[in-house]
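The values are calculated or read from the model by the stated rules, or taken from the named source; none is laboratory data. Computed from a predicted structure; not experimentally measured. Backbone-built Cβ (ideal geometry, glycine too); neighbour counts: all protein chains shown. For accessibility, only protein heavy atoms count, side chains too; no ligands or nucleic acids. Shrake-Rupley method; radii C 1.70, N 1.55, O 1.52, S 1.80 Å.
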Amino acid sequence: MSNKITNSKILVTGGAGFIGSYVVEYLLPHQPQKIIIIDNLIRGSHENMASFANHPLVEFVEGDICDTALLEKCMAGCDYVFHLAALRINSCAASPKDGFNVMLKATFDVAELCVKHKIKKIIYSSSASVYGLAQHFPTPESDNPYDNQTFYGAAKMWGEQLFRSYKFMYGLDYCALRYFNAYGPRMDTDGKYTEVMIKWLDCIRDGRNPLIFGDGATTMDFVYVKDIAKSNVAALLSDATDEAFNIGNCVETSLKELLQLLLSVNNSSLQPEFRGENTVNPVSKRLADISKAKAMLDFTPTISLEEGLKELSQWYFSKQKV
Ligand SMILES: NC(=O)c1ccc[n+]([C@@H]2O[C@H](COP(=O)([O-])OP(=O)(O)OC[C@H]3O[C@@H](n4cnc5c(N)ncnc54)[C@H](O)[C@@H]3O)[C@@H](O)[C@H]2O)c1
């Protein structure tokens, strides 16, 4: 397997995180010269990086991308960059100032340094949040972002537009990947904003009926983390530039269906209990149209929700035994 990753030096921001750690794992078989990870471990962990902790080609730098001098030290001499370091949607809402520093200011520094250090291509982690509630389903990349109401979505849109302008002004090649609802092993289990899947797995473990707030009709497009990692490598290897791509699984699943499937893969006879909705979710529906990623990146998701939920459950329950 020899391609442009082979013998290249690659920087992965946020490489200790949920998705970033899989990106590193998917890059390694291509024999890069070196992979440098910068991550301040605000959400990522050494545990996520366990499979490559002692790998001779991987260097982990514990540090903040807001430290421009450190960021430059990490980027100098690199060929490619994957920019994944970011704050979560709820953290941005809790502190827009932190959101600004990480999502906008540091991403601006990333773009500036890419130009200064002649990076050949950057892959930027964007999000389906840019759409807010989309206009069309399945949602193509051409839907507009004017319905987004979140700081996080605004920051991701700005990031995409920043890289567009740097392509236009300086010729910096980039692809932006708009992930839909990522899930899988290594997803956050004990942070402040634990995902609903993990809360339900806790119920299954403890034999408590899982709760659904509202009617459970909100739909999402759940895409397995390893498929997302593959899309990152595909975006780098392709000749595509100045493009944004949806990365989803193209299956619309309601929260109610998600819970039924999670119960079923765990052979559980627990019953969902419905409670009044405590917050209003303005995005009631998500479904990706990924025909562009299929055509230009040769990207097709390979892991069904059922298979992914099995892997997630196995990982989560075995993690608790140690
Ligand atoms: N998980 C999802 O459902 C999802 C959906 C759409 C987009 N995304 C995007 O994908 C990327 C990866 O997300 P993830 O789910 O792996 O989240 P994550 O929180 O697990 O990963 C982000 C990583 O960035 C690190 N980080 C945060 N701020 C930093 C800083 N200032 N300096 C250095 N490191 C910092 C964190 O410690 C973490 O390891 C992010 O850009 C995210 O916005 C994720």
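Here are some notes:
- Accessible area of the chain belonging to carbon and sulfur atoms, whole % at 1.4 Å probe: 51 percent
- Inter-label distance for Leu237 and Glu273, nm, one decimal - labels placed 7 Å from Cα along Cα-to-Cβ: 4.9 nm
- Rg and Dmax [Cα atoms of the chain; Å; Rg one decimal, Dmax integer]: 19.2, 59
- Per residue, the convex hull around the alpha carbon atoms of region 1-144 comes to 135 Å³.
- Loop-located GluC sites (Glu not before Pro) across region 1-76 with a Cβ neighbour count of 15 or fewer within 10 Å are Glu47, with loop assigned by DSSP.
- For Cys175, the solvent-accessible surface with a 1.4 Å probe is about 0 Å², rounded to the nearest 10.
- Volume in Å³ per residue [convex hull over Cα atoms, computed for region 128-225]: 147 Å³
- P(r) tail fraction, region 1-83 - alpha-carbon pairs more than 22 Å apart, %: 16 percent
- Three-way shape label, region 97-157, alpha-carbon gyration tensor, a/c 1.5: oblate
- Out-of-range pairs (alpha-carbon distance over 20 Å; input Lys73/Lys120; Lys230/Lys319; Lys156/Lys294; Lys121/Lys156; Lys9/Lys120; Lys9/Lys121): Lys230/Lys319; Lys156/Lys294
- Helix-derived mean residue ellipticity, 222 nm - over the chain, DSSP H n ≥ 4, -39500 (n - 2.57), to 500: -11000 deg cm²/dmol
- Surface analysis of region 22-114 yields an accessible area of 44 Å² per residue, using protein heavy atoms and a 1.4 Å probe.
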